[in-house]
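*Asks:* Starting off with a structure, shown below.
The values are calculated or read from the model by the stated rules, or taken from the named source; none is laboratory data. Here the structure is a predicted model, which is why all the values come from computation and not from measurement. Neighbour counts are summed over all protein chains in view; Cβ atoms, including those assigned to glycine, are modelled from backbone coordinates with ideal geometry. All accessible areas refer to the heavy atoms of the entire protein, side chains included, with ligands and DNA or RNA removed. Shrake-Rupley method; radii C 1.70, N 1.55, O 1.52, S 1.80 Å.
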Amino acid sequence: MSGHSPTQMRHLDGLPVLGNFIDGHFEYTDDLFPDISPVDGRVVAHVAQADAAMVDRAVRAARHALEAGAWGRSTVAERVAALRAIAGGIEARFEEFVAAEIADTGKDIHHTRTIDIPRGIANFRFFADLITTMGSESYHTDTADGMGALNYVTRRPVGVVGVIAPWNLPLLLLSWKLAPALACGNAVLAKPSEETPYTATLLAQVMADAGVPPGVFNLLHGFGAGSVGEAITRHPGIDAITFTGESATGTAIMHAAAPGVKPLSFELGGKNGAIVFADADVDEAADGIARSAFSNCGQVCLATERVYVERPLFSRFVQALRLRAEALSPARAAPGSGIGPLISQAHRAKVLGYYDRAVRDGAEVVCGGGVPRFGDARDSGAFVEPTVWTGLPDDAACVREEIFGPVCHVAPFDTEDEVLGRVNDSPYGLAAVVWTNDLRRAHRVAGRIETGIVWVNTWFLRDLRTPFGGIRLSGIGREGGMRSLDFYSETTNICIKL
Ligand code: NAD
Ligand code: 6OH
């Protein structure tokens, strides 16, 4: 291995070695695991897995940055300048970030260029703006003597925050939590998914170049249970944990964090429903559902996996969706226009298990349901066909469980009350979509859906100021805008008798 400056990446056998970033420099271990492209199974990088001692050192570095270093005394203006410099630093290396995200995920270049990396940049700029313009709560309180009292609220950082991210939108979902954590003056231990360590490692270099002081941003590579993820969640020196990932992992983290009664923010799984009323424009709705079901190969927490269509439109809608799904088939679509692979062979095995299960449970496979054949290196990748089913009962596993692949089940319905009951009958509650041109129905139905987010006649239209998160198995708390600042800061109410 060779390496010169503390933030220069090492190489081994011509491939980058992705290091841990602790106290302002990369640290390597001999415990390397491969970063594998799901396009063709090729190794794209080696990743140095951190150990418990490194987590410990990172916590100490973070604590030191807060208590003795400049970050703990930083002004809002200094933090805003750092956030803007980070955004500018990613932008200056835009193509490198795009290539790294694609190397890890195989996702399509259009998605990466228009959503993943730009949204990663936007998160830093957005929270820089928000913290600049944030005001403070205050109340004038009546008292018996008539003089009154003034209450006002101050904020301080929570401290050292553990940020644990998933693989589906790696830079985007990491920065969604990092940016507000840093804006509020915290120090961070970040763990990207073991499947997608690349852009986070580039980000460590950007942080150093942006002048973020050592110890403020620490990056640790590794796995979940029995590895770095668990070590972060159990560490007594971590003051709060923010996590995006599977609901079952959320349960494990709650157990690990319970002894310290740590504040938790969880953005977890979904089994998101969509309702298409007969008054909707069938092509518009089919375009929208094709996007919400198949974007990023269905690996979006907000993705639609179950669709309910009012009976008069059912057959036309199913055919319209079938045409769109077939056009996205990776083996048949024009290069660059079909869906990419799933994240890994392990995830593909899980998704294909559901493809089998649907058939065993009596589904009619409208399209897809298998593995595409390319006749080239992509046959070693993790591709599946975009799949549409009909005919399953509401209690079928494929209608109740999160699959996280390019799938959706379409069922007919007859009345508004009936469909609301079926959409709301879910262990999850993240997002829903309603397609209708009836204004009063849109408001009425949206107000009765039990999810954190409801879209009407659109999907993934996100304003970063709005609350983001879900109910039930979909999470705890909300992030977005002021909700993020509430999680990443502690408030003190000061009451002054006048
Ligand atoms: P995952 O839960 O398997 O892993 C997420 C992260 O947690 C990874 O970094 C992993 O290493 C770590 N981890 C795993 N076990 C851990 C443990 N015991 N302790 C600490 N850390 C642990 O999730 P994933 O497969 O990477 O992502 C897909 C899931 O994420 C889906 O369920 C999806 O719905 C969900 N997701 C939710 C949102 C949302 O905002 N609600 C957004 C994106 C993804
Ligand atoms: C979950 O997989 C996607 C979340 C995306 C956003 O919060 C966003 O605004 O880009």
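*Asks:* Identify all residues within region 404-438 that are in a loop (DSSP other than H, G, I, E, B) and open to solvent by less than 10 Å² (accessible area, probe 1.4 Å); write none if there are none.
*Replies:* Selection gives Gly405, Pro406, Leu430, Thr436.
*Asks:* Which pairs do you get when a residue that is assigned by TED's automatic domain parsing to the domain that holds Ala128 and among the aromatic types (Phe, Trp, Tyr), found in region 184-202, comes within reach of a residue that is open to solvent by less than 10 Å² (accessible area, probe 1.4 Å) and more than 16 Å from ligand 2 (Cβ to nearest atom), reach meaning Cβ atoms under 8 angstrom, with the pair 6+ apart or on two chains?
*Replies:* Hits for this filter: Tyr198/Leu18; Tyr198/Asp35; Tyr198/Ala45; Tyr198/Ala100.
*Asks:* Shifting gears a bit: List the pairs whose first member sits in region 266-287 and is of a type in the set (S, T, N, Q), whose second member is surrounded by 24 or more Cβ atoms within 10 Å (Cβ to Cβ) and part of a strand (DSSP E or B), and whose Cβ atoms are under 7 Å apart, counting only residues at least 6 apart or on separate chains?
*Replies:* Within 7 Å, the pairs are Asn272/Thr304; Asn272/Glu305; Asn272/Ala431; Asn272/Ala432.
*Asks:* Just to be sure I understand, how many residues within region 194-218 are closer than 23 Å to Gly106 by Cα, among the small types (Gly, Ala, Ser) and touching a helix residue (DSSP H, G or I) at 6+ places or on another chain (Cβ under 7 Å)?
*Replies:* 1
*Asks:* Restricting attention to region 463-480, which residues are closer than 15 Å to Leu130 by Cβ and away from ligand 1 (no atom under 11 Å from the Cβ)?
*Replies:* Across region 463-480, the qualifying residues are Asp463, Leu464, Arg465, Thr466, Pro467.
*Asks:* Let me confirm something: among Gly370, Gly375, Gly336, which residue is over 30 Å from Thr451 (Cα atoms), open to solvent by 50 Å² or more (accessible area, probe 1.4 Å) and over 24 Å from the mean Cα position of the chain (by Cα)?
*Replies:* Gly375
*Asks:* Among the listed residues Ala208, Ala183, identify the single one that is among the hydrophobic types (A, V, I, L, M, F, W, C), surrounded by fewer than 21 Cβ atoms within 10 Å (Cβ to Cβ) and away from ligand 1 (no atom under 16 Å from the Cβ).
*Replies:* Details: Ala183 fails: surrounded by fewer than 21 Cβ atoms within 10 Å (Cβ to Cβ).
Among Ala208, Ala183, only Ala208 is among the hydrophobic types (A, V, I, L, M, F, W, C), surrounded by fewer than 21 Cβ atoms within 10 Å (Cβ to Cβ) and away from ligand 1 (no atom under 16 Å from the Cβ).
*Asks:* Could I ask something else about it? Which of the helices (runs of 4 or more DSSP H) contained wholly in region 227-313 include at least 1 residues that are within 14 Å of ligand 2 (Cβ to nearest atom) and within 23 Å of Pro467 (Cα to Cα)? Steps first, please.
*Replies:* Numbers: elements: 228-234, 247-257, 282-294.
Hits in region 227-313: 247-257, 282-294.
*Asks:* Shifting gears a bit: Which condition does Arg400 not pass, out of (1) under 18 Å from Gly288 (Cα atoms); (2) of a type outside the set (Phe, Trp, Tyr); (3) touching a residue at least 12 places away in the same chain (Cβ under 8 Å), if it passes all the others?
*Replies:* Of the numbered conditions (1) under 18 Å from Gly288 (Cα atoms); (2) of a type outside the set (Phe, Trp, Tyr); (3) touching a residue at least 12 places away in the same chain (Cβ under 8 Å), the odd one out for Arg400 is (1).
*Asks:* How about region 291-312: which of its residues are away from ligand 1 (no atom under 16 Å from the Cβ) and open to solvent by 10 Å² or more (accessible area, probe 1.4 Å)?
*Replies:* Filtering region 291-312 for residues away from ligand 1 (no atom under 16 Å from the Cβ) gives 291, 307-312.
Scanning region 291-312 gives Arg291, Glu310, Arg311, Pro312.
*Asks:* So how many residues does region 314-328 have that are of a type in the set (Gly, Ala, Ser) and either open to solvent by less than 60 Å² (accessible area, probe 1.4 Å) or outside the structural domain of Ile339 (by TED's automatic domain parsing) (or both)?
*Replies:* The number of residues fulfilling the criteria is 2.
*Asks:* Quick check on my filter: what residues within region 219-241 are over 20 Å from Glu27 (Cα atoms), open to solvent by less than 10 Å² (accessible area, probe 1.4 Å) and near ligand 1 (Cβ under 7 Å from one of its atoms)?
*Replies:* The answer is Thr233, and nothing else.
*Asks:* Also, quick follow-up: Just to be sure before I move on: is Val365 touching a residue at least 12 places away in the same chain (Cβ under 8 Å) and either outside any strand (DSSP E or B) or buried (at least 19 other Cβ atoms within 10 Å of the Cβ) (or both) in the structure I sent?
*Replies:* No, not satisfied.
*Asks:* Among what's in region 465-488 and is hydrophobic (A, V, I, L, M, F, W, C) and closer than 23 Å to Ser247 by Cα, pick the residue that is surrounded by the fewest Cβ atoms within 10 Å (Cβ to Cβ). Give the derivation first.
*Replies:* Going through region 465-488, the residues hydrophobic (A, V, I, L, M, F, W, C) turn out to be 468, 471, 473, 476, 482, 485, 487.
Next, only the ones that are closer than 23 Å to Ser247 by Cα stay: 468, 471, 473, 476, 487.
Working: Phe468: 24, Ile471: 14, Leu473: 21, Ile476: 16, Phe487: 22.
For region 465-488, the residue satisfying everything is Ile471.
*Asks:* Looking at region 392-401, is at least one residue within 16 Å of ligand 2 (Cβ to nearest atom), under 29 Å from Gly106 (Cα atoms) and among the charged types (D, E, K, R)?
*Replies:* Narrowing region 392-401 to residues within 16 Å of ligand 2 (Cβ to nearest atom): none.
No, region 392-401 contains no residue that is within 16 Å of ligand 2 (Cβ to nearest atom), under 29 Å from Gly106 (Cα atoms) and among the charged types (D, E, K, R).
*Asks:* Just wondering, is there one or more residues in region 193-204 that are among the small types (Gly, Ala, Ser), open to solvent by less than 20 Å² (accessible area, probe 1.4 Å), within 14 Å of ligand 1 (Cβ to nearest atom) and within 29 Å of Gly269 (Cβ to Cβ)?
*Replies:* Yes, because at least one residue in region 193-204 is among the small types (Gly, Ala, Ser), open to solvent by less than 20 Å² (accessible area, probe 1.4 Å), within 14 Å of ligand 1 (Cβ to nearest atom) and within 29 Å of Gly269 (Cβ to Cβ).
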